[in-house]
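Asker: Below you will find the structure I want to go over with you.
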Amino acid sequence: MKKAALIGAGGVVFGKHREAYSALKDQIEIHIICDPSSDASAPMREWAGIPAERYVQSLNDLAVFKDEIDFAVVATPVKYHKSAVEAALTLGWDVLCEKPLAMSIAEVDAMLDCAEANNCRLGVMHNIRFSGEVHDTVAYIQAGNIGKVKLVKGHSFSKPWSGKEWRSDASQGGAGHFFDCLYHEIYCARAVIDSPITRVAATNAVLGNMPLSVEDVMLCHMEFDNGALASFEDVKAFPEVAPAMFATFGSEGAVVRMIPSPDNLHVLRGRERLPLPVDPASTEHGTLGVMQRFIDAIGAGQPLPYEIDAGGDGRENLRVVWAAYESAKTGHGIDMKNWNIRGSNKATAQIVL
């Protein structure tokens, strides 16, 4: 049984991470919860049965539990990831951190240096890779069912930003919806195309009526080393909400995912429309898939798999996302083979109006 410390235990943890803790209750015990908000963390504390003596509100209070914990899960706003992750690492705990890992690549590199110095693993919660339809899609494509993947097309339309959300504040969340949410689609695109991204070109803007420090529209184009392309558009500027889409086109067919829709996932072969086979390993939120891989690696004393390794897919995905913001700022495409190999700064991500 592995004992876990939850650093940040609000809505994301109660709504999505709980899937993993429920399924792995014979392997994981939530031993302590650290969250400055007693109200936000109350549902998770009650569900996990955390007594008052094992609930703390400050990172400074974690040291007393140093020898009782095997790993920590960090799910705070992005601004606080680095301090929370490094506090846990310096106590000798392996850490699984929510995405995006940090406000900048420089912060990620500092976190990775801290993990190495303390001989700890640092993972990233790339849960959508293992969730329902996406996991089914990746499994279907990796089995060769649509031939060579040539194009991934995605768009996301969601309700406009609220000025009260920390994600709409660049000082708290890093950047806009592309950084925080369409981030998922980037690593999913890389999974289905199975090739490095070589060039990124993007533009962003604030087109809605609310003054923001983050974008509410992002258009992004990506080129891959194997010749495939990906195109994403992310819009939060307007109250009219349209269906989201993630479609993968191959040489012998396509897989199309539309949300929301009662028939939201299907395979296209010419004019024929087929249901997508369900992979039994997929789950609603995908957090189970990440958590299982994380604790399996810990138990075996092995490195983390690339897709959940902070120094692997975690760092590279964030590098791609920040390259999109750099392209939007400069008006030029970014050559990913040579761009900011270490320590790029989030200051490059200013919105171009």
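Asker: Over the Cα atoms of region 7-117, what is the Rg over Rh ratio if Rh follows Kirkwood? Mind showing how you got there, number by number?
Answerer: Working: Rg = 13.4 Å, Rh = 14.3 Å.
Taking Rg over the Kirkwood Rh, I get 0.94.
Asker: Is the shape of region 74-138 best called rounded, prolate or oblate, per the rule: a/c under 1.5 gives rounded, else a/b larger than b/c gives prolate, else oblate, with a ≥ b ≥ c the square roots of the Cα gyration tensor eigenvalues?
Answerer: Details: a/c = 2.38, a/b = 1.87, b/c = 1.28.
Since a/c reaches 1.5 and a/b is larger than b/c, the shape of region 74-138 is classed as prolate.
Asker: Label region 176-264 by shape, choosing from rounded, prolate and oblate, from the square roots a ≥ b ≥ c of the eigenvalues of the Cα gyration tensor; if a/c is under 1.5 it is rounded, and otherwise prolate applies when a/b is larger than b/c, oblate when it is not.
Answerer: Cα axes put region 176-264 in the oblate bin.
Asker: Just round it to a whole percent: the fraction of Cα-Cα distances in region 49-186 exceeding 17 Å.
Answerer: 69 percent
Asker: Just the ratio, please: alpha-carbon radius of gyration of the chain over 2.2 N^0.38 Å, N its number of residues.
Answerer: Normalised Rg, Cα atoms only: 0.98.
Asker: If each of Ser22 and Ser213 carries a label point 7 Å out from its Cα toward its Cβ, how far apart are those two points in nm?
Answerer: It works out to 3.7 nm between the two label points.
Asker: Loop only per DSSP, at most 12 neighbouring Cβ atoms within 10 Å: give me the trypsin sites (Lys or Arg not before Pro) in region 25-127, ordered by residue number.
Answerer: Loop-located and lightly packed - Lys25.
Asker: Taking DSSP loops as anything outside H, G, I, E and B, show the longest stretch in the chain free of GluC sites (Glu not before Pro) there with at most 13 other beta carbons within 10 Å.
Answerer: That gives 1-164 as the longest site-free run.
Asker: Something else: Exceeding 29 Å between C-alpha atoms, which entries from my cross-link table qualify? They are Lys82/Lys153; Lys66/Lys337; Lys99/Lys236.
Answerer: Lys82/Lys153; Lys66/Lys337, as the Cα separations exceed 29 Å there.
Read-outs throughout are calculated quantities, based only on the coordinates presented, and are distinct from any laboratory measurement. It should be emphasised that the depicted structure is a prediction, and the values quoted were computed from it without experimental measurement. Because the Cβ atoms are built from the backbone with ideal geometry, glycine has one as well, and the counts that use them run over all protein chains shown.
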